[in-house]
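> Here it is: the structure, laid out below.
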Amino acid sequence: MSFTLAIVGRPNVGKSTLFNRLVGKRLALVDDQPGVTRDLREGAARLADLKFTVIDTAGLEEATDESLQGRMRKLTEKAVDMADICLFMIDARAGVTPTDQVFAEILRKRADHVILAANKGEGAAADAGVIEAYSLGLGEPIRLSAEHGEGLNDLYSQLQPLADAFEERADAANDTPETDVTVDEDEDDLDYVPMPTNAKPLQVAVVGRPNAGKSTLINQILGEERLLTGPEAGITRDAISLRMEWNGTPMRIFDTAGMRKKAKVQEKLEKLSVGDGLRAVKFAEVVVVLLDAAIPFEQQDLRIADLAEREGRAVIVAVNKWDIEDEKQSKLKDLKESFERLLPQLRGAPLITVSAKTGRGLDRLHDAIMRAYDVWNRRVTTAQLNRWLTGMVEAHPPPAPQGKRIKLRYMTQAKTRPPGFVVMCSHPDKVPESYSRYLVNGLRLDFDMPGTPIRLYMRGQNDANPYKGRKKAPPSKLRKHTDGRRK
Ligand code: GDP
Ligand code: GDP
């Protein structure tokens, strides 16, 4: 998907008709994705050779009272902020209405690229309306008939040059990092950890509740170092990333605070920042969950940390505003205790105290990021693993359901980023969660892999190698065991 197009306009002008035409049979609603709310429909669209995401501000029709204007405005603003390009639709038969003018106003202020469409444009009845559309000050209107499929060529010729620009942008940003990387059978380059370079900087997301100090932290890092390329208009619509070199490491930091400011929505800040955080996590290799020492481990912090783990990212918890903490020793003890209790799936992940304001602790944060990245890429040889497995089984044999002992035969690392292991065994579906947890925790300790999400898959002797020839996540029919968490 190269760009996102939002179709906006008052009810009944034909937005859904166009949406359906663009999405066609490929209608793939993805509105349960983070960041996409129920009242906005999203679909995979195609117009000739262009592939893009289309957003429809459906659901407006139900509003009948005077709240309609307000709701329409809000929803439209949301759609505009999510989209790269807005298609503003009016009804050419009805001509320009006062409501259309309200929309035009919003779009002029808020949208970067607006395409104006005068719909229901088939036949002479639309002539006057098409001319009137010029008065909106949004350039030449496309005469469209969504119902009859007319004018789509003109839509194409307006979208096409924009699409090219967005494509270039996406290529340059080189967006989502490679995860779930299959490990080759040969074990020559076991110590190989891809070093961040200027072309492929280490992707870090700083997430956390509003006011945790994310902006301050990023500015502090930037202040210490030279800003390499300036603020980058990010990869997707609202991910804002900053390129920098921090203590010699090329990095791209996703600034969720910046995303929030760009969204310009002042209400529901809490909710919004979670959505932004979710998106940032997708782009990151390492996720720094920044907590406010005064209010640590709020529900929102836990959610985002859990999400980062489930997405298989390396996670670091940084406790900010440490400069104003009086009882540092006892506070640290409390924090560590809460961390272990509330986020057991991240056992051993670093907890770093920092002050974004004074810059204290930032070196330690940098080092923790590098270490976490290293662990995330860690590889263990099959020989080592099997020696280890023998020891683990001797120390604590797996259970024997119905008198038949589960045999763990063989183990190998199938992937990195994060580390994933396959254990061949006799009754894969009978291995209890607790036993998998025992193995995962053992792996962490014995191979020095604290914090990072570890994936462990139990597999029967006859199943094919789930990783063979694939780079993405394994099929869901496999039972996957993590630290007691479901993905
Ligand atoms: P929305 O509320 O903006 O999503 O509008 P709809 O897509 O639901 O369309 C409203 C009405 O306009 C429906 O009855 C459509 O059949 C009709 N309509 C949509 N596009 C056209 C068109 O190009 N020409 C004509 N004549 N009617 C259309
Ligand atoms: P964001 O919403 O997470 O980006 O948070 P900001 O960076 O805007 O910071 C929120 C508030 O916390 C601001 O008033 C900052 O000055 C303050 N703040 C941020 N970091 C620190 C810190 O390390 N120590 C202290 N005392 N205040 C901080």
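> Can you work out the PRE-style zone for R387? Point 7 Å along Cα to Cβ, and I want the residues of segment 417-447 with backbone N under 19 Å.
Only 442-447 pass the distance filter.
> Still on this structure, please answer the following. Give me the distance in nm between label points sitting 7 Å out from Cα along the Cα-to-Cβ direction at S338 and R310, one decimal.
Result: 2.2 nm between the two label points.
> Lysine pairs in segment 327-447 8 or more apart or on different chains: how many have alpha carbons under 18 angstrom apart?
4
> Mind listing the long-range amide H neighbours of F421? Cut-off is under 5 Å, sequence gap 5 or more, other chains count too, H placed in the peptide plane at 1.01 Å from N.
Excluding prolines and chain starts, which carry no amide H, the hits are A414, R455, L456, Y457.
> Same structure again: Using only the alpha-carbon atoms, what does segment 382-464 span along each of its principal axes? Please give whole angstrom values in decreasing order.
36, 29, 23
> Across segment 435-451, in residue order, what do the Karplus-derived ³J(HN,Hα) couplings come to in whole Hz, using 6.51 cos²θ - 1.76 cosθ + 1.60 with θ = phi - 60° and x for Gly and Pro?
6, 4, 5, 4, 5, 4, 5, x, 4, 4, 5, 7, 10, 6, 10, x, x
> Right, next: For the residue pair S135 and D81, what label-to-label distance in nm results when each label sits 7 Å from Cα along the Cα-to-beta-carbon direction?
It works out to 3.2 nm between the two label points.
> Taking amide H positions as placed in the peptide plane 1.01 Å from N, state which residues far from G151 in sequence (5 or more) or on other chains have amide H under 5 Å from it.
So G151 has HN proximity to S145.
> Further, regarding this structure: For I295 and D448 in one chain, what is 0.36 nm times their gap in residues minus the Cα-Cα distance, to one decimal in nm?
Numbers: separation 153, 0.36 × 153 = 55.08 nm, distance 3.07 nm.
Length gained between I295 and D448: 52.0 nm.
> Could you list L152, L87 in order of exposure, starting from the residue whose Cβ has the fewest other Cβ atoms within 10 Å?
Values: L152 18, L87 27.
In order of increasing Cβ crowding within 10 Å: L152, L87.
Coordinate-derived values only; no laboratory data. The structure displayed is predicted, hence computed values, not measured ones. Neighbour counts are summed over all protein chains in view; Cβ atoms, including those assigned to glycine, are modelled from backbone coordinates with ideal geometry.
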